[in-house]
């Protein structure tokens, strides 16, 4: 028993003397609670809604007002005709379009029913479902209010719900792009960060440094094979998603591949940067996996829309590369947009890549200390 | 020359003077110091190595050998002092220097998951040459491991890894070869073979700097520097170092080794008594041997003692220098 | 000879098709300093692991401190001390904490631990280091301390695996004097080393090559047998008989 206690005491001492272990024990749970508490929510807040009002009567205006002032939605645009719908969804800010048919109010009063269409952005199935549910609820509420003084349920507004881009609201429209984003950055960053720290650990880095190889040659030399192999990986994933999930690429395949390679290059450079601050493989793996995975899954807009989170998470998320890539990949794969709609995100990724590579070359020590 | 250095003349100026004569020194260092936090790794190290010499740094772990080698190979910058390697300043001319140095750090630094052949080819290519070009240089060494050339480096025995690492360090025909503890952890036979291989490299005019904790390897060098706690205790040829032993050395043998040591230590006539294999190396206060020591031992119950005068070895001298340095004696 | 503390008969240890120990037979006596020499890969570490209860033989009889190496490994572990080169003490604990920890692991009473702690610190002249972390100690002191900890519980046998690697010559000799002192207390010392001169300090030595024992005797008799002036010469003559 004494033996056992002595051993337990030693373990406590080890833990308290190693600040890294303490950080894992306490820091990570706290961070997780904060993130999960706020980022993860099934509420919507300020979801963008565009109105196509073909009627413009008192009732449509009242109903519009009720929807907008509910706190769940905000009005993005007022549309003038059906052609605008595609355009406004491609922009990305609008999650649903509400269409009031011609003579809405008149029909409602004279015939007792009128037609309302809700078209939701199916590329975000979670949001789409929430938006349509909330809207439907508000509409029903409105109907009840309106019918109030008149007793029988003689008034009905039945919302006709359609999904744009994802007619059957398949959830893998959300998952596949998201998983691609997650996997590419994790694997790429992990691979390069490990390969460099491994040389440090095994002592072969010393010999490389004393050779005529220049730092930029060592860095690019490490990145090149993974770049090529990751390209094959991307083709594989896209093929799988098409064959197994029936998720074809709606937009330009070439553009998609080009953006994927940019993203991969960015991830590989990030891995190199991680390796310059890691003393050994364990640290590199830790930072690559834990440091990247959780924020990517929760804060990049992969599953939970950024708009639904408190503002501060929006700022945090803006330094995460996956956030931009998710937009890019969804746009091309599901919405079929061209470079015109995603140039901002693409530019940001290019800048990030250059910054990572630049920093890595600078921080890459040509000497041992 | 020393006056010039003492003026605090910066690196380039010092080299200017040097380049005025023909370059005879492969390495020239003066006043090198290096600290890691509070620990002093190197303290005012000055030495020079001649071209084509085999120069040894002999000292235990923590003496500063690895730190010094990393400074020579331009991997570390000294805090103070100047170092010129192959006529170039090790701080500023590192790019050019690195092409001319062959470095074998501790732990051999081979790619465990590449084969013998692949390792050799890699290093040849990185240095801009091919295995064939300088094969003659490594043929003696490589022939021992060539039958295993497809085997992964990680699966080689210690002695074979050593030979492969040496081949990789030599493949680009460097002018200066730096070997950091190449014989540590390897059995006595492989160690001896390794030094044979180094000896054969002489005819290629490569300067070789080696470090080792094994004192008996010192005699294989042209000159050695004894290093301990970041300081050089002595630099000279092995012969001269041995001859520098300041007193007479006596060996005492007996079947009961432990009893012998304890008994000797109790004797006030004895200055130092150290176990050395099968005998005790002893120095006497009055430096003369008469019968009194033998009689003392018999009185104390050791009747089979054999006492002889002997020639001091490098290790005896090292111990003497260490004692002076630490200010300790070995009276228990 | 007096009592045998280790007895090995036809020990074989195989790893898959590879035979690390090939039919070894030898005995070690109480209070002896037994040197176990051989090249890296000769099979020394395998044998030591079996003798210290960390591994089980493939076949053969092995008895350590009176316990059977197949079925009584826990008893073996209680009665031996072990010190290896790579790791001995916990770097982020102090000298005192290490001693208390190991004392506890060996099952010693608190008062006995305290007693030994004071003894140890006095003998090594370590009093000022009592509350210093191991990582702050110079390498020579670490070895000495590690050895003292390995024999803290006065075991019957202590196994030392290359205990003096890389240590300065003075410390090396002081270390061997502690080994002598320990052996004179009746504790058997089973040691491996690459320093051939240290082989001379042993009462008897054995040389392993390719899994077999090729020589076993006192240093003096081996030197006579091979017409050599040092154990190193004996070693080389055995390993490369054609030189």
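Every read-out reported here was derived from the displayed coordinates using simple, explicitly stated rules and does not represent laboratory data. What you see is a predicted model, and the numbers here were worked out from it, not measured in a lab. Glycine gets a Cβ as well: all are built from the backbone with ideal geometry, and neighbour counts include every protein chain shown.
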Between residue A:258 and residue C:56, Cβ-based FRET efficiency (R0 60 Å, step 0.05) works out to 0.50
Rounded to the nearest 10, the angle in degrees between the Cα long axis of helix B:257-266 and the longest principal axis of the Cα atoms of chain B comes to 70
Rounded to one decimal in Å, the inverse mean reciprocal Cα-Cα distance for the protein assembly as shown, i.e. its Kirkwood radius, is 34.0
GNM on chain A, Cα springs under 10 Å; top mean-square fluctuation among A:195, A:204, A:21 goes to A:21
On the formula 1/(1 + (r/R0)^6), with r taken between the Cβ atoms of residue B:222 and residue C:127 and R0 of 51 Å, the FRET efficiency rounded to 0.05 is 0.65
Projected convex hull area of segment B:228-310, Cα atoms, direction-averaged, in nm², equals 6.4
For chain C, one quarter of the surface area of the C-alpha convex hull, expressed in nm², comes to 13.9
Taking a ≥ b ≥ c as the square roots of the Cα gyration tensor eigenvalues, with a/c under 1.5 meaning rounded and otherwise prolate when a/b beats b/c or oblate if not, chain B comes out oblate
In degrees, nearest 10, the alpha-carbon axis of helix C:95-105 is tilted away from the dominant principal axis of the alpha carbons of chain C by 70
Taking Cα atoms, the helix B:11-20 axis meets the longest principal axis of chain B at an angle in degrees (rounded to 10) of 90
A chain fully extended from residue A:231 to residue A:250 at 0.36 nm per residue, minus the present Cα-Cα distance, gains in nm 4.9 nm
Reduced to Cα centres, the span from segment A:171-187 to segment A:67-103 in Å works out to 28
For the pair residue B:130 and residue A:74, the simple spin-label estimate (label points 7 Å beyond Cα toward Cβ) gives in nm 6.8
Percent antiparallel among DSSP beta bridges confined to the protein assembly as shown, nearest 5, equals 55
Where a ≥ b ≥ c are root eigenvalues of the Cα gyration tensor, a/c under 1.5 meaning rounded, otherwise prolate if a/b exceeds b/c and oblate otherwise, segment B:171-222 counts as prolate
If each part is reduced to its alpha-carbon centroid, segment A:250-273 and segment A:1-61 end up apart, in Å, by 29
Mean projected area, convex hull of alpha-carbon positions in segment A:258-369, reported to one decimal in nm², is 8.0
With only helices counted (DSSP H, runs n ≥ 4, each -39500 (n - 2.57)), the per-residue ellipticity at 222 nm for the protein assembly as shown, to the nearest 500, works out to -14000 deg cm²/dmol
Once both label points are put 7 Å beyond Cα along the C-beta direction, the residue B:326-residue B:310 separation in nm becomes 2.0
The simple spin-label model distance between residue A:34 and residue A:368, using points 7 Å out along Cα→Cβ, in nm, is 4.0
Cα-only Rg/Rh for segment A:47-153 with Kirkwood Rh rounds to 0.97
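Sort chain A into rounded, prolate or oblate with this rule: let a ≥ b ≥ c be the square roots of the eigenvalues of the Cα gyration tensor; rounded if a/c is under 1.5, and if a/c is not under 1.5, prolate when a/b is larger than b/c, oblate otherwise.
prolate
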1/(1 + (r/R0)^6) with r = Cβ-Cβ of residue B:24 and residue C:3, R0 = 56 Å, i.e. FRET efficiency to nearest 0.05, evaluates to 0.25
Per the rule of 0.36 nm per residue minus the C-alpha distance, extending residue A:144 to residue A:42 adds in nm 34.1 nm
